[in-house]
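Only the coordinates and a few stated rules stand behind these numbers; no lab work does. Because the structure is a prediction, the values reported are computed rather than measured. A quick note on method: Cβ atoms are made from the backbone with ideal geometry, for glycine too, and the neighbour counts reach across all protein chains shown.
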Amino acid sequence: MEPEAPPDSPWRIFRRQLRRSPLAIAGGVVLGLFYVLALFAPFLAPYPEDAMDRERYFHPPQSLRWVGPDGLHLRPFVYATTLTDAGGFVYDEDPSRPQPVRFFVRGSAYALLGILSTDVHLFGVDAPGRIYLFGTDAFGRDVLSRLLFGGQVSLTVGVVGILISFTLGLLLGGISGYVGGLTDTAIMRGTELLLSIPSLYLIIAMRNIIPIDLPSQQVYLGIVAILAFIGWASLARVIRGLVLTIRRSEFVTAAEALGYSRLRIIARHILPNTMSYVIVAATLSIPSYILGEVVLSFIGVGVQEPSASWGNMLNQARSIRALTSFPWLLYVPGAAIFLTVMAFNFLGDGLRDALDPRRTTGGRA
Amino acid sequence: MNEPLLRVEHLVTEFVTDTGRIRAVDDVSFELGAGETLAVVGESGSGKSVTALSLPRLVAQPRGRIAGGRVWFQGRDLLALPDADMRQVRGRAISMIFQEPMTSLNPVFTCGDQVAEAVVLHERLSRRAAQARAVEMLAKVGIPSPEQRAREYPHQLSGGMRQRVMIAMALACRPSILIADEPTTALDVTIQAQILELIERLKSEMGMGVLLITHDLGVVAEHADRVAVMYAGQIVEQGEVASVFRGPWHPYTAGLHASLPRLGVRQEHLRVIPGAVPNPARFPAGCRFEPRCPVRAEGCGQPQPLVSLDGDRLSRCHRAGAFAAGTLDPAGAEVRA
């Protein structure tokens, strides 16, 4: 007879703790939604990211309507607009020309998820009408479509960057802490060198290595590599500190006594014990990668037009005129960046609490 | 005893500290036979654990260093073996269990995985076969419902259970030598007895030699065949457990023996050996026990060699002959003629 039920597995404790943090769950849900939106961007966006409408520059966001002068409509619609002031980009709605929103319309061809060739888009209006729910930019490009396509870049730059920099940081920090001696000194002085150079300067200097006229995908990879190259150093230092503590644990001596190799002990026995820190650190540092891409694109050395990223969308909202007359150019990408960064921070805080051993070993309090 | 399983000759282990180089183990020699339990006993800081860690070369680098000696095992000197070969010896031929079962298991893997890992590595069994061996080993060390326990994490087990898992890990590859570094110090008395009996049973089943590091003379009396008493990095007395306990030939052994509380004897205070173990950086030039010794005399200022008086029995005291003859009591009591 067991006097009491066996304690819960670490995974169950973690889930129970996470459930207590509604902000973290909200953050996770928002992020999940954003990543799905980015994944299906070509299907959800009514237009390609680089399609220009030469008749509608700086078109304001259109509102979706259900009620017209003739009563309730069965499907939502937008009013067609006409340009009334070419200098000030003022558009007037024409209540006599409602354009019903149609779903699963045929538009530009694309390959969904890179494999499924199709030309069906979630919604649109009959040609020659146009629907711009978030307005258009200086080149008459649909901001909503660019936001969705830009999300593909801005949301993945953090994840891919983290994967590269954390692999480097874990491996080098692990070796540094476990092997010690000269190896430790060499790696740690390397990180200090990297950390002592102002990062923005380093980013721009490294950006100069990559030719400016590369295809946008390669530029994207280059940016990820630059950000990761800068990001691994501080992580490696923390991991080294953690490894120094863990390597004194008896289970590490026990693993040595069982004849395991150094690399095996680092990778299988020491580093997994740093995972609760690493997961939290990764979640909390993804925003800095997203912001890094934004900064690079904002100063014009990041993702190049006409490809979209949230950073180069913000770049269009630099002038006072844009801020006063075309505020959607700021609000739309700004809100997306803000929400993403906040969501990652909430999720990271929640994960940290859920993985904190001081909170979890207490059992079911 | 035929050719011993393990022969340690003149082992010296040093540590570099801020205050200088210290000798934690100074010229230690002993032999261990198959099916035999040799206890190494001593106070904290006597060098017994460092001796244990030196044999499989687990002394923490770079501060610790094995500075001299030989460890003969299966015709090879372990101290001269390349690292890769040494890893083949560890866990497979010489295994080790530790004092703290709470921290000796990796908290992020299940017990079954940890036992199986050693088997996969040393015997190149498949994962599935290794898991089966793990469950078999857990059953062998007396863990109830081993299939279920194999899937549990260390924090879900009690201290005694974890020490059993440690033993299962150490013995999964059927080593010929088990080094047990204070295996029961952190456990309750009742669990202690169970674990020591388990080690004894497995020793006779598998024909291992066991090197038992302990500070507990009771454990030595119950479970060891021979005993080596260590003080300040040196072996001060060595011999069969029964004869050493009957009549210690070194004042330190006698002092340890006298400080055991006895059933049925009322004592106001526990008897202790006055003073403390000397700082390893400043050992006395002569006998290292001299400052605390109740029977010190002329000649204690000289370095003391380990002398053999009666075959197997060794003592590092120049007055051992008098102890053996019964003309002097090593604990300093009056000797009735």
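Among the trypsin sites (Lys or Arg not before Pro) within the stretch B:85-149, those in coil by DSSP and having at most 13 neighbouring Cβ atoms inside 10 Å are B:124. Shown here are the Rg and Dmax of the Cα trace of the stretch A:44-107, at 13.4, 37 Å.
Towards the positive end of the charge dipole of the protein assembly as shown, with charges on Cβ (+1 Lys, Arg; -1 Asp, Glu), say which of A:101, A:122, B:165 has the farthest Cα. Positive-most Cα among the choices belongs to B:165.
Modelled spin-label separation between residue B:242 and residue A:116, with each label point placed 7 Å from Cα along the Cα-to-Cβ direction: 8.4 nm. As an equivalent ellipsoid, chain A spans semi-axes of 48, 26, 17 angstrom, where each value is the square root of five times an eigenvalue of the C-alpha gyration tensor, largest first. Beta bridges assigned by DSSP with both partners in the protein assembly as shown are antiparallel in approximately 70 percent of cases. Taking Cα centre as origin and charging only the Cβ of basic (Lys, Arg, +1) and acidic (Asp, Glu, -1) residues, the dipole magnitude of the protein assembly as shown rounds to 160 debye.
About the centre of its Cα atoms, the stretch A:52-99 shows a dipole size close to 200 debye [charges on the beta carbon of Lys, Arg (+1) and Asp, Glu (-1) only; nearest 20 debye]. May I ask you to derive the FRET efficiency for residue A:210 and residue B:281 from their Cβ-Cβ distance with R0 = 51 Å, giving the value to the nearest 0.05? The value I calculate is 0.30.
Geometric descriptor of the stretch B:279-337, per residue, is 91 Å³ (volume of the convex hull of the Cα atoms).
Work out the mean other chain Cβ neighbour count within 10 Å for the residues of B:99-105 and drop it here as an integer. Write out the running numbers ahead of the final one.
Values: counts 1, 4, 1, 2, 7, 8, 4.
Taking the mean over all residues of the peptide, I get 4.
Each peptide among B:37-46, A:320-329 gets the average number of other Cβ atoms lying within 10 Å of its residues, and from highest to lowest they stand as B:37-46, A:320-329. Placing one equal scatterer on every Cα of chain B and applying the Debye formula, the log10 ratio I(q)/I(0) at q = 0.08 Å⁻¹ is -0.41. May I ask what percent, to the nearest 5, of DSSP beta bridges between residues of chain B are antiparallel? That works out to approximately 60 percent antiparallel. Compactness of the stretch A:193-288 is given as radius of gyration and Dmax, 18.0, 56 Å, from Cα positions. Separation of the stretch B:17-49 from the stretch A:245-313 is 43 Å, based on Cα centroids. For the stretch A:10-86 versus the stretch B:236-250, the spacing of their alpha-carbon centroids is 86 Å. Between residue A:26 and residue A:67, the distance separating the two model label sites (each 7 Å from Cα on the Cα→Cβ line) works out to 3.0 nm.
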